[in-house]
Amino acid sequence: MAQYLQRQIDDLKKRILTLSAVVEESFHQAIHSLEHMDTELAQAVIERDQEVNEMEVDLEEECLKTLALHQPVAIDLRFIVSVLKINNDLERISDLSVNIAQRARGLGTFEPIPVPFALFDMAAKVEIMLRKSLDSLVNLDSSLAREVCHLDDEVDAMHKDNYDLVKNRIRQHPDQLDPLIEYLSLSRHLERIADLTTNIAEDVLYMVEGEIIRHTY
């Protein structure tokens with residue numbers, strides 16, 4: 001029985017890592033489609049979301065089956081509970097990557113305007129957070145997970161500044177209202193992805209150390 005449970009846990013780990021790789025690529029391509037106004041790449045990101053949805057459902061079912069059949073305890077239980085939560089966060093990151101890709105397509109319908117804030121600096125920071133959170137998961141690295149939690153404050157501050165910058169630009173250029181709203185939505189999507197990567201990092205800390213820290217950062 002113990003050997004079968006270990007095989008199930010190994011399978012769950014492979015599944016969550018595969019899903020992580022797909023979601024990370026979707027986010028990267030969504031940002032690339034935005035930077036280069038590549039509508040074909042944006043469409044590819046949108047279409048891949050169905051694959052992510054199916055992977056998320058399959059992984060959840062496997063987690064629940066393992067819980068029901070083996071009633072794991074201690075670290076095995078923490079691992080499965082964490083995978084369930086990370087699985088959901090990854091699916092939501094995929095949804096937000098789709099939103100970014102849709103914004104890229106939407107901005108392509110307007111006359112180009114100057115980007116009202118350091119959009120791609122923010123995107124790069126969020127991508128670093130995502131990569132570090134997933135690396136912390138692969139390596140069960142609690143110190144890396146803590147780095148992600150601290151970076152979230154920086155992204156929150158950027159989003160707050162972006163809101164003010166967009167508001168001021170709308171006052172100065174009311175004729176640019178629609179594309180500026182699109183850019184503000186992009187800032188919000190990036191801020192939410194940062195929050196979700198922080199959730200992943202916090203779940204890794206729970207998995208490794210058994211400590212719930214989501215209200216302490």
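For region 190-210, the count of residues that are of a type outside the set (A, V, I, L, M, F, W, C), closer than 24 Å to ASP121 by Cα, in a helix (DSSP H, G or I) and open to solvent by 70 Å² or more (accessible area, probe 1.4 Å) is zero. For region 168-183, the count of residues that are β-branched (Val, Ile, Thr), in a helix (DSSP H, G or I) and within 16 Å of the chain's Cα centre (by Cα) is zero. Tell me yes or no: at least one residue of region 35-43 is touching a residue at least 60 places away in the same chain (Cβ under 8 Å), touching a Gly at 6+ places or on another chain (Cβ under 7 Å) and within 17 Å of GLY106 (Cβ to Cβ). Yes, because at least one residue in region 35-43 is touching a residue at least 60 places away in the same chain (Cβ under 8 Å), touching a Gly at 6+ places or on another chain (Cβ under 7 Å) and within 17 Å of GLY106 (Cβ to Cβ).
Residue-level analysis places LEU67 among those that are open to solvent by less than 50 Å² (accessible area, probe 1.4 Å), free of Cβ contacts under 8 Å to residues at least 24 places away in the same chain and not hydroxyl-bearing (Ser, Thr, Tyr). Among the residues of region 140-178, the ones that are touching a helix residue (DSSP H, G or I) at 6+ places or on another chain (Cβ under 6 Å) and open to solvent by less than 40 Å² (accessible area, probe 1.4 Å) come to 11 in all. Of everything in region 38-53 that's out of contact with any Ser or Thr (no Cβ under 6 Å at 6 or more places or on another chain) and among the charged types (D, E, K, R), which residue is farthest from THR18 (Cα to Cα)? The selected residue is ASP38.
None of GLU61, GLU24 is out of contact with any helix residue (DSSP H, G or I) (no Cβ under 7 Å at 6 or more places or on another chain), in a helix (DSSP H, G or I) and acidic (Asp, Glu) except GLU61.
Has region 83-101 got any residue that is among the hydroxyl-bearing types (Ser, Thr, Tyr), within 20 Å of the chain's Cα centre (by Cα), surrounded by 17 or more Cβ atoms within 10 Å (Cβ to Cβ) and at pLDDT 95 or above? Steps first, answer last, please.
Kept after step one, since they are among the hydroxyl-bearing types (Ser, Thr, Tyr), are these residues of region 83-101: 94, 97.
So of that shortlist, the ones also within 20 Å of the chain's Cα centre (by Cα) come out as 94, 97.
Now drop any that are not surrounded by 17 or more Cβ atoms within 10 Å (Cβ to Cβ), which leaves 94, 97.
Now drop any that are not at pLDDT 95 or above, which leaves 94, 97.
Yes: region 83-101 contains one or more residues that are among the hydroxyl-bearing types (Ser, Thr, Tyr), within 20 Å of the chain's Cα centre (by Cα), surrounded by 17 or more Cβ atoms within 10 Å (Cβ to Cβ) and at pLDDT 95 or above.
When the criteria are applied in full, SER136 meets the requirement of being part of a helix (DSSP H, G or I), among the polar types (S, T, N, Q) and within 24 Å of ASP76 (Cα to Cα).
The values are calculated or read from the model by the stated rules, or taken from the named source; none is laboratory data. Here the structure is a predicted model, which is why all the values come from computation and not from measurement. Every residue, glycine as well, gets a Cβ built from its backbone with ideal geometry; the counts of neighbours run over all protein chains shown. All accessible areas refer to the heavy atoms of the entire protein, side chains included, with ligands and DNA or RNA removed. Shrake-Rupley method; radii C 1.70, N 1.55, O 1.52, S 1.80 Å.
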